Structure formats: C-alpha cells, structure tokens
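Working notes, structure below.
The values are calculated or read from the model by the stated rules, or taken from the named source; none is laboratory data. Keep in mind that what you see is a predicted model, and the values were worked out from it rather than measured. Glycine also receives a Cβ, built like all others from the backbone with ideal geometry; neighbour counts cover every protein chain displayed. Protein only, heavy atoms only, side chains kept; ligands, DNA and RNA dropped before computing areas. Shrake-Rupley method; radii C 1.70, N 1.55, O 1.52, S 1.80 Å.
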Amino acid sequence: MRASLIQICVDPAESVAARRDRAAGLVRERTGSDLVVLPELWTTGAFAFDHFGEHAEELRGPTFLALSRAARDAGVWLHGGSIPEHDAGGRLYNTSLVFAPDGTLAASYRKIHRFGFDQGEAVLMGAGDRLVTVDLPETTLGLATCYDLRFPEQFRGLVDAGAETLVVPAGWPARRAAHWNLLARARAVENQAYVLACGTAGTHAGTEQAGRSLVVDPWGEVLAEAGTEEEILTVDFDPATVAATRDRFPALKDRRLGLAEPKEIRP
Ligand SMILES: NC(=O)CCC(=O)C(=O)O
C-alpha cells in the first residue's frame with residue numbers, strides 16, 4: 001500500500017482560497033498512491049484561533065467540494081486533514097474528512113480532545129464524542145487529530161474497533177517536536193499498528209510548526225520522516241505486518257481489563 005503525507009506549509013501570506021486550490025492540486029498529483037493525507041486545519045492554521053470563525057465552513061462547504069473532486073480525479077482514498085466546521089447552530093468543530101476514490105465522503109471525525117486548556121480551540125470549538133474507523137480494501141483506518149495523540153485510551157478504543165492504521169493529522173508546534181515523534185512511536189508500539197502522522201510546515205499566529213511528519217510501523221520503526229519545510233512523504237507499507245506483529249508478539253492479548261478498584265490500606 002502506498003501512502004503520501006502532504007506536509008503543506010501554512011503561511012498567512014497565502015489566502016485560504018489559494019491554499020485550498022494548491023492542496024487540491026497536490027492531491028491530484030498523487031495518482032498512484034492508495035491513500036493521501038493532509039494535516040490538521042491547514043486552511044486556517046491550527047493556532048490561528050482568531051480566524052477559526054471567519055474561515056469556518058459547513059461540512060459540505062468549499063474545502064469539502066475541492067477535496068472530493070481532487071480525490072475523485074486522482075482516484076485515491078483521501079484523508080483531507082481537518083477543517084474548522086460550523087454546524088447549523090453555528091457551533092464550531094475541528095472536523096476531519098475522509099473521501100473514497102470516487103469522491104464520496106467515507107467518514108468525518110470531530111476532534112475529541114481540544115487543545116488550549118482554557119483558551120483557543122478548547123473554548124472556541126465543541127468536542128467530538130465518537131470514535132471513527134474507516135474500512136479501506138487493504139486496512140482499517142483509526143482517526144485521531146493532533147492533541148488526541150496524547151490520549152492513549154482513544155487509540156486503544158480505535159484498535160478495539162478494528163483499526164490497524166492510525167492516521168493523525170496535526171498542526172504540532174516546533175517547540176514540542178520531541179513529544180510528537182515520541183508519542184507517534186509510542187502509539188504505534190503499544191497498539192502494534194501503523195501510525196501515519198502528518199503535520200504542517202511554516203509559521204502562523206506566531207507559532208512555528210514542527211513539520212517532521214512520520215510513518216511508523218507496528219514494531220515502532222520509523223519508516224520515513226519529513227524535514228521541517230513543505231514536503232510530500234511517500235511510503236510503501238504492508239498492512240499485513242499488523243496481524244503478523246500481533247501474532248508474533250501477542251501483547252495485546254495480555255491486557256488485564258476490569259481490575260478491582262485500589263483498596264485503601266491502613267497501617
Ligand atoms: N493543535 C493541537 O492539537 C496542538 C497540540 C499540541 O501542541 C500538543 O499536544 O503539544
């Protein structure tokens with residue numbers, strides 16, 4: 001299976017409309033890949049909180065249409081990264097869109113863990129409450145977005161739902177690049193799954209982006225890693241390695257669920 005991660009540069013000097021056209025063009029050039037992945041909130045920038053409302057779209061808005069056509073033209077599965085979505089009531093969500101090769105929407109996923117503590121995304125956007133997997137002919141994708149990477153229970157839930165390839169679009173900042181790499185590898189090792197982690201390049205809202213997109217195999221080996229600039233990372237991987245790894249080293253079978261609550265021990 002061939003995956004291409006488009007680590008696009010989010011530069012405030014480029015308009016959202018221009019970046020949308022450019023991203024669609026980059027997807028069209030990936031004919032021959034099975035799966036193409038874009039990062040989190042690449043239209044606005046994940047840290048451009050002040051612009052979330054201005055650039056929010058209904059689910060089937062301009063970015064949806066551009067990505068749907070690009071997926072169809074390229075004949076690829078497309079994880080279109082995420083958009084700032086507004087629902088009918090005007091509530092915002094950080095929503096990922098996955099398209100089938102005929103351009104139809106295969107799945108959408110609203111980011112569950114919002115970043116910012118009491119600021120930014122955490123107060124501006126609503127939280128998703130649904131784990132999402134997507135069946136491709138070769139593998140089952142499990143969806144998560146950026147800050148979700150810090151919450152292993154979400155990934156275990158995806159694995160329990162059948163996920164073998166965990167896809168994580170992100171807008172991860174450069175100052176925590178070491179966490180990005182470590183957490184992506186940890187999620188791959190503990191879940192014995194592929195991790196496709198696609199970030200952005202550039203600096204927006206004063207936040208330098210890490211780039212450093214990576215693909216990790218179920219044994220924790222980094223198959224490919226991008227630099228810090230705009231780049232397309234293309235990797236061939238064998239989805240059958242997930243089952244082979246889980247058979248050879250069946251740690252997932254040794255889980256101890258439903259343990260008793262800790263007892264208070266008095267001296
Ligand atoms: N957009 C994000 O979710 C950023 C997450 C982040 O910076 C971190 O977890 O660190």
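Brief remarks on what is shown
- Subset of region 11-32 [open to solvent by less than 10 Å² (accessible area, probe 1.4 Å) and either closer than 19 Å to L143 by Cβ or part of a loop (DSSP other than H, G, I, E, B) (or both)]: A23, V27
- Residues of region 98-113 satisfying the condition of being part of a loop (DSSP other than H, G, I, E, B) and either more than 16 Å from the ligand (Cβ to nearest atom) or surrounded by 20 or more Cβ atoms within 10 Å (Cβ to Cβ) (or both): A100, P101, D102, G103, T104, K111, I112
- D148 meets all of the listed conditions (1) without any contact (Cβ under 8 Å) to a residue 40 or more places away in the chain; (2) open to solvent by 50 Å² or more (accessible area, probe 1.4 Å); (3) among the acidic types (D, E) but one, namely (2).
- Considering the conditions (1) of a type outside the set (G, A, S); (2) open to solvent by less than 10 Å² (accessible area, probe 1.4 Å); (3) within 16 Å of the ligand (Cβ to nearest atom); (4) out of contact with any His (no Cβ under 8 Å at 6 or more places or on another chain), D50 is excluded by exactly one of them, (2).
- Region 177-235: number of residues that are open to solvent by 20 Å² or more (accessible area, probe 1.4 Å), of a type in the set (G, A, S) and assigned to a loop (DSSP other than H, G, I, E, B): 4
- Consider region 15-47 and keep the residues that are of a type in the set (G, A, S) and away from the ligand (no atom under 16 Å from the Cβ). The one that is nearest to the chain's Cα centre (by Cα) is A23.
- Assessment of region 157-171 against the conditions (open to solvent by 20 Å² or more (accessible area, probe 1.4 Å), within 16 Å of the ligand (Cβ to nearest atom) and modelled with pLDDT of 95 or more) yields no matching residue.
- Filter result (away from the ligand (no atom under 16 Å from the Cβ) and in a helix (DSSP H, G or I)) within region 142-156: R156
- From the options T139, T133, T165, residue that is within 13 Å of the chain's Cα centre (by Cα) and touching a residue at least 40 places away in the same chain (Cβ under 8 Å): T165
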